[in-house]
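To keep things clear, I will list the structure first and then write my remarks on it.
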Amino acid sequence: MRLNPFTGAYLNDPATLWRRILGDPDGVHYAEDLGVWLISGHADVRRALGDTATFANALTLAPVYEVCPEAMSVITQIVAPPTTAAADPPVHPRTRRALRAIFANTADRVEAEYGAIVRRRVDQLVSRLVVRQGDEVDLIPEFATALPLLVVLDILGVPDTDIGRIRSWADGQIALIWGQPDPAEQVRLAQGLLEFWHYCEELVRQRVESGPQGDDFISRALIYRDDDDAVLTVPEVASLAFNLLVAGHETTAGLLAHALDQALSTPQRWSAMAADPGLVPAFVTETLRFAPAIDGWLRVTRREVTLGKVTIPAGARCLLLIGAANRDPAVFAHPDRFDPHRSDAGDHLSFGHGPHFCIGAGLARLEAGIALTRLAEAIPGLRLTPGRRRSYKPNVAFRAHHGLSAIIDVVAPTSVPATREAASAEAYIGGQ
């Protein structure tokens, strides 16, 4: 089987291939062009995410192509120790314990520690959009990407003035690892990644020298470490910050972009949420299922494993098709229909499963919920630019929009039902 996530039909609409794979009784296929095994069924993907004895994370952050020697010589200078996504036992349980102590990860803690930050940043961005009545804006850089990055900078205690280069570095890491850049671009992106790592090292070095300052993430990590390398090393603290600056905003940016796309592509959805904010949480959950920010994730087999009728050899790279698993008809009724009212949406795997379940899931939900609620209330007439077409960045893991052009209109259309009760469920769902 062939799967080219960088161009053509799969880039535009991967669900077409997902349906074909899910309809195959074997369920597992080898993709010759990528050199990876494709795992697509909900039960198999869930098992692979949770079974760390069989499916390791060691190559999760290794590029999916052969890196040119010049870029590799730069990459080898990055000495960030594995702590989260690329870590396996015994390192991962130790660093995971540290993260749980440092980073709020339950609903109550997330709201208590980050709620005010999120609301302040949402209000800041929304106010900038409201005054641009009638303008055409790109909601990706001006809202969906900006919000989670600003929140992460606040959590880390990093100044807003660094937002531009951090965004560039983070985007570059995703393109370098899961994209398909040409050799010259590989070198440029690798150099940016090295600069990014040195930046994180310097953030930690400054805190070490001055002592923990306030309640920011790095200060908390150093207090938790308590000068004990058996708990966390200083490079591991830098690595945690390094990972948070990417994972802490790119995935939430994707969630917001997909949610805005789904809401605005069927205007009744947007007007319904503007009239009834209580609809937002279920809408976010269905967006996570229907259009995950990460629709594929990598693992490598520690030992031979059989899934269904197919045996995958030891040492094989596997691409877990999370997007396909979220459309598995064995789990989800009418899986290709976007339905915020569905009762099974919570079974999605977009935050992972098992020991590596996304520790920032609560923060992502909080950000998306507040962002959609306040934006819909402030700009109920927000609408997509007529004639716009969806396009995505070529990537094997992250499904990210190139842009989302919309027209600012703070006045709700008079033709739209004023209350949720007046809008039919069919209109809200949109018939997808």
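The values are calculated or read from the model by the stated rules, or taken from the named source; none is laboratory data. This one's a predicted model, so the numbers in the text were calculated from it and none came from an experiment. Cβ sites come from the backbone with ideal geometry, for glycine too, and all protein chains shown count toward neighbours. Note: accessible area is taken over every heavy atom of the protein model, side chains too, but ligands, DNA and RNA are not part of it. Shrake-Rupley method; radii C 1.70, N 1.55, O 1.52, S 1.80 Å.
Listed values, structure above:
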item	result
Hz values of 3J(HN,Hα) by residue in the stretch 238-248 - Karplus curve (6.51, -1.76, 1.60), Gly and Pro given as x	5, 5, 4, 5, 4, 5, 5, 5, 9, 5, x
³J(HN,Hα), Karplus 6.51/-1.76/1.60, whole Hz, each residue of the stretch 226-233, x for Gly, Pro	6, 6, 10, 5, 6, 8, 8, 8
Carbon + sulfur, % of accessible area of the chain - ligands and nucleic acids excluded, 1.4 Å	54
Between the stretch 86-153 and the stretch 253-291, the Cα center-to-center distance that results, in Å	18
Antiparallel DSSP beta bridges within the chain, percent to nearest 5	85
Options 85, 31, 99, ranked by Cα towards positive dipole end of the stretch 1-154, top entry (Cβ charges)	99
Amide H within-cut-off set for residue 294, under 5 Å, with H built and near neighbours excluded	399
Helix-only [θ]222 nm of the chain, DSSP H runs n ≥ 4, -39500 (n - 2.57) each, per residue, nearest 500	-15500 deg cm²/dmol
Förster radius 41 Å - calculated FRET efficiency between residue 31 and residue 111 (Cβ-Cβ, nearest 0.05)	0.50
Residue 28 long-range amide H proximity, modeled H, under 5 Å	none
Residue-wise HN-Hα coupling along the stretch 181-198, computed from phi with Karplus coefficients 6.51, -1.76, 1.60 (Hz; x: Gly, Pro)	x, 6, x, 5, 5, 4, 5, 4, 5, 5, 5, x, 5, 5, 4, 4, 5, 4
Read-out Cα extents along the principal axes in Å, derived from the coordinates shown; its label in (i) 61, 58, 42; (ii) 62, 46, 44; (iii) 95, 53, 42	(i)
Relative contact order of the stretch 241-349, defined on C-alpha pairs under 8 angstrom at six or more residues apart (%)	25
Mean separation of Cα contacts under 8 Å, 6 or more apart, over the residue count of the chain: relative contact order %	27
DSSP loop GluC sites (Glu not before Pro) with at most 16 other Cβ within 10 Å excluded, longest remaining stretch of the chain	67-303
Label point distance in nm, residue 210-residue 162, each placed 7 Å from Cα along Cα→Cβ	1.1
Accessible area in the full protein assembly, largest first, 1.4 Å probe, for 216, 182, 226	226, 182, 216
With DNA, RNA and ligands ignored, accessible area of residue 162 (1.4 Å probe; Å², nearest 10)	20
Long-range amide H partners of residue 318 with built H, under 5 Å	37, 299, 300, 301
Computed E for residue 393/residue 128 - FRET, C-beta separation, R0 25 angstrom, nearest 0.05	0.55
Length gained when the stretch residue 43-residue 383 is fully extended (0.36 nm per residue, less Cα-Cα span)	118.6 nm
